[in-house]
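**Student:** Questions regarding the structure given below will be posed in turn.
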Amino acid sequence: MSELLKVDGLDVSFHTYGRRLHVLKDVTLAIPQGGRVALIGETGSGKSVTSKAILGTLPGNAKIESGRILFKGDDVLAMPRGKRDALKGTAFSIIMQDPLSSFNPVFRIGRHLDDVMRFADLRLGNRSSTAERRQRIFEVLRKVQLADPERVCAAYPSQLSGGMRQRVLIALSLLHQPQLLIADEPGTALDVTTQDEIMKLINRLVAENGLSLLMITHNLGVVRQMADEIYVMRHGEIVEHGPLSEIFSRPRQAYTRQLIDAIPPLYGANVTDQEPAAGDAIVEIDGVSKVFEDRPLFGRGHRHVAVNDVSLAIRRGEVFGLAGESGSGKTTVARMIMGLIRASDGKLRIDGKPVEEQRGSAAFRRKIQIVYQNPGTSLNPKRTVGQTLRVPLAFAGMRGKAVEDRIRELLLQVDLPDHYVSKYPHELSGGQKQRVAIARALAADPEIIVLDEPTSALDVSVQKNVIALLTRLREELGLTYLFISHDLSLMRNFCSRIAIMLRGEIVEAGEPRQVFETPEHPYTRALIAAVPVISDEEEKRKPAVSDEDRRRYLVDTAA
Amino acid sequence: MTGASMQENYLQTFAKRIAGFIGVLFVLSLMIFVLARVVPGDPARIALGPSATQEQVDAMRLAMGLDEPVIKQYFAYIWNALHGDLGRSLISSRPVTREIAALLPATLELVIVTIVIMTLVAIPLGVVTARYRNSWIDNTGRFFSIVGVTMPSFLFAILLQLFAAYFLTDWPIIGRINHGLSPPVGPTGLLLVDSLVHGRLDVFTDAFQRVLFPALALAMSGIGQITRITRSAMIEHQRRDHVLTLQSFGVPDRVIVFSYLLKLSSIAPLTIMGLEFASLIGNAFVVELVFSWGGFASYGLEAILQKDLNAVMAVVLISGLFFIVANIVIDLILLVIDPRLRLKETN
């Protein structure tokens, strides 16, 4: 196979306020004609910078120090600007990562598509009429399984679902039949079933049109389905490279090994079974519903049933997992348990007493605490770690030296050194920030902690450490966790019981072993089947899903 | 999982806004009415002057309904106001509405020209300073913005007058029009529009020359603010992914900046422009005086100085109405620009 694209000894540095940051060091990689190559690495490893260098969209303060990027033997870095621009969208194009922020919210989808096509046509010297472009755009939209292109084009970005927007992003990259497709973590912002559909779609389009694919991702499960060859990147360097099977079965570098090991297994010998808790029920929910209603000035109000007749009991000392996709109502359930919103119907009890009677009281607030998904936004950037931790302690009535002692104790509990007290969030890594958020939840000495996707914003290796910390804290302090997530492989190993939610209802509940080995509800089966896994054995043990069930429960696919 | 489908809903959103504004107007009227009644000074005494006898004043109080309970007076005032009657001036004893109606177009014209200048200067300046951030263009822009915001508009008015007096000796700077030109009357009362309707280019030129400097003086502070806000909105948005998307597919920079970014970045400055209206009317009080503009604002100033309470109330009420109408217009524009404001989540 000949090489379509070759990056040769690429060195890139960023210059900000007089400081030089060396972000790519001697990066060399090759994408063969028709090949599927994955570039994997954690946050800040330089994957996205590499793709931007290829596309020519590096920010103004980036400087290419040395190296070449050869497309079919021509160095694109040496090309005049016009010639290089002509390659955009036609020789190579990118599938952007975040389906919402990648569109301008005040322009219709059709306008984005038309402008991209119009200017690419102009560069190629083609004259095209609006009507003719419209036809071509509709064709591409149908190719990415958007059945109603007219409606899609007339919609604003916020009017489409995440899956549909991601499809439009794919369509955007296929408008001019490029030879190389660069996919920058496509679908990671989406639900697992939607992500699965998107992966399958990209794979099919690549195969049908004979494209080459450069897949940029941190998800090794995705890599297994999407690439034949892997480059592992760390701190701006390629540390390992080889065919997929070799990297997965016999990684040479410790770092690669670590990345693979950090992924929680879905099936097989390495799966951890958590002991079921034997304690009494600390949280009891009986037939709880939540209806959101808006009251317009005139006209008919609109009702939205977020949670419908949910019953569950969480035992003391348990890790109870609430799984489901976005909008399934899992966060609403947690908010009702915490007494942040009122249930429309049903009974909620904590420690045998109704939540309704306790909510708002200091004792209740101390009993149940929460750790949010994104520590980057849930910590106040203008407060030091110490100041953040002082707030719940002050509410708990602590004063003077006791506060300082408690802060030191908390930092010790979450494995952070003493002197972090005076650090600001921006000085911490993602994992460290989440540790601070956990310490904040622990400060009031709670019995129950709600973990709202506490690791989904973190890299896998960091996730592993945070989960280990949470496990240890539970044992040491006798905590009860309500763990909300859509990451089923993580839940398989971390939870002692799980419940699956779909459209506001619990469709299946039980111990993870039983739920994963013999899922009863077709939606559970579809959900498990969509989880990306890293070995063929696991893939084989996934439950089968009929096409009919897929259509019935995974509505987003081709609306 | 289905994405919640969103439907466009202009009418509902807009009706809510209008209802809110009517409430504001109501509260405003209540506040000024109470204020006018608690300030020292008997309106009847002011109307009749110091030489009137106590009997005359008492008779006047009765005629003006001042011995009724305040709440009753207020509702009578509102009822009359809804019928276009805001009482009689205590000084000239002519109906206030008629006096104001004669002066309003002059101020309206001044304010409209000010808004046009503000938009035409500030938004492009904001775009350019954002594009060439931290260059000499940006620094110059920043300097003028700060000067514009910090210097009071009457100072600009005086400086502009001095400038014109020294360097543009033929440029008319006082008053609204050369009455020797016998300007046409109607249909709008705005000289710039009426002169064009009647095909009187000489009147248009004269009126335009005269309005330019007072409008410029009034516009300065707004220009400063809006430039800065447009600039920061542009800078914030140009780091977003959607810009990267278009760049990745080779959509030219000028299209990204002047079409995609500008529309998105005009939301914040437009909102500010609505609020700017309040200080605009306040500043017009003084600027009109400096340029002998003879508009509604100088009428208000006169009324305040002479304690003509009925006129003051009318001026405040109409200024409030001005402000509210301007904000309704801006809200309407924002509804057109930003679909997120009119999209309502439904399932």
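Each reported figure results from applying straightforward, stated rules to the coordinates on display, with no laboratory input. As the structure is a computational prediction, the values presented were derived from the model and not from experiment. In this analysis, Cβ positions are derived from the backbone assuming ideal geometry, glycine residues included, and neighbour counts consider all displayed protein chains.
**Student:** Please report how many Lys pairs in segment A:281-518 have alpha carbons closer than 27 angstrom, counting only residues at least 8 apart along the chain or sitting on separate chains.
**Tutor:** Close lysine pairs under the 27 Å cut-off: 22.
**Student:** Mind putting together the pair-distance distribution for the protein assembly as shown? All Cα pairs, 20 Å bins, whole percent per bin, short to long.
**Tutor:** 12, 33, 32, 18, 4, 0
**Student:** Additional query: If r is the Cβ-Cβ distance from B:Thr140 to B:Asp253 and R0 is 22 Å, what FRET efficiency results, to the nearest 0.05?
**Tutor:** Efficiency for this residue pair is about 0.50.
**Student:** Then there's this: So which lysines pass the test for A:Lys63, namely a Cα distance under 26 Å, with those fewer than 8 places away in the same chain ruled out?
**Tutor:** By straight Cα distance, A:Lys63 reaches A:Lys6, A:Lys25, A:Lys47, A:Lys52, A:Lys72, A:Lys83, A:Lys88.
**Student:** Set Lys and Arg Cβ to +1 and Asp and Glu Cβ to -1, take the dipole of the protein assembly as shown about its Cα centre, and tell me which of B:Val197, A:Phe92, B:Phe167 lies farthest positive.
**Tutor:** Of the listed residues, the answer is B:Phe167.
**Student:** If you take every DSSP beta bridge fully contained in segment A:281-518, what fraction is antiparallel? Give it as a percent rounded to 5.
**Tutor:** Given both bridge residues lie in segment A:281-518, the antiparallel proportion sits at roughly 55 percent.
**Student:** Kindly provide the GluC sites (Glu not before Pro) of segment A:490-559 that DSSP labels as loop, not H, G, I, E or B, and whose Cβ sees at most 15 other Cβ atoms within 10 Å.
**Tutor:** Passing both the DSSP loop test and the Cβ count: A:Glu520.
**Student:** Dipole of segment A:364-519 (Lys/Arg Cβ +1, Asp/Glu Cβ -1, origin at the Cα centre): which of A:Pro417, A:Ala457, A:Ile407 lies farthest to the positive side?
**Tutor:** Farthest towards the positive end: A:Ile407.
**Student:** Where both residues lie in the protein assembly as shown, what percent of DSSP beta bridges are antiparallel, nearest 5?
**Tutor:** Antiparallel bridges make up about 60 percent of those DSSP assigns within the protein assembly as shown.
**Student:** Give me the net charge for the shell around B:Asp170: Cβ to Cβ below 13 angstrom, other residues only, Lys and Arg +1, Asp and Glu -1.
**Tutor:** 0
**Student:** For a footprinting-style exposure proxy, rank A:Val333, B:Val147, B:Val286 by other Cβ within 10 Å, fewest first.
**Tutor:** Neighbour counts put them in this order, fewest first: B:Val147, B:Val286, A:Val333.
**Student:** Another question, if that's okay. Would you mind working out the magnitude of the charge dipole of the protein assembly as shown relative to its Cα centre, with +1 at each Lys and Arg C-beta and -1 at each Asp and Glu C-beta, to the nearest 20 Debye?
**Tutor:** 960 debye
**Student:** What list of ³J(HN,Hα) couplings, whole Hz, do you get for segment A:75-88 from phi and the Karplus terms 6.51, -1.76, 1.60, once you set θ to phi - 60° and write x for glycine and proline?
**Tutor:** For segment A:75-88, the Karplus-derived couplings read 7, 5, 5, 8, 6, x, 3, x, 5, 5, 4, 5, 6, 5 Hz, x marking Gly and Pro.
**Student:** If you don't mind, another one. Report, in whole Å, the centroid distance computed from the Cα atoms of segment A:24-54 and segment A:328-382.
**Tutor:** 43 Å
**Student:** Charges at C-beta only: +1 for Lys and Arg, -1 for Asp and Glu. How large is the resulting dipole of chain B about its Cα centre, in Debye rounded to 20?
**Tutor:** For this selection, approximately 820 debye.
**Student:** Report Rg/Rh for chain B, rounded to two decimals, where Rg is the Cα radius of gyration and Rh the Kirkwood radius.
**Tutor:** Using Cα coordinates only, the ratio equals 1.05.
**Student:** Same structure again: How much mean residue ellipticity at 222 nm does the protein assembly as shown get from its helices, if each DSSP H run of length 4 or more adds -39500 (n - 2.57) and you divide by all residues, to the nearest 500 deg cm²/dmol?
**Tutor:** Calculated at 222 nm, the ellipticity per residue is -16000 deg cm²/dmol.
**Student:** Could you work out how far the C-alpha centroid of segment A:302-327 sits from that of segment A:84-116, in angstrom?
**Tutor:** So the two Cα centres are separated by 38 Å.
**Student:** Can you give the average number of partner chain beta-carbon atoms within 10 Å of each beta-carbon in peptide A:103-113, as a whole number?
**Tutor:** Taking the mean over all residues of the peptide, I get 5.
**Student:** Suppose every Lys and Arg Cβ carries +1 and every Asp and Glu Cβ carries -1, with no other charges. What dipole size does segment A:281-518 come out with about its Cα centre, to the nearest 20 debye?
**Tutor:** Dipole of segment A:281-518, to the nearest 20 debye: 740 debye.
**Student:** Turning to a different aspect of this structure: Using a basic spin-label model with each label point 7 Å from the Cα along Cα→Cβ, how many nm lie between A:Asp418 and B:Ile18?
**Tutor:** 6.9 nm
**Student:** Treating segment A:281-518 as a set of equal point scatterers at the Cα positions, no solvent, please give the Debye-formula log₁₀ I(q)/I(0) at q = 0.14 Å⁻¹.
**Tutor:** Log10 of I(q)/I(0), two decimals: -0.93.
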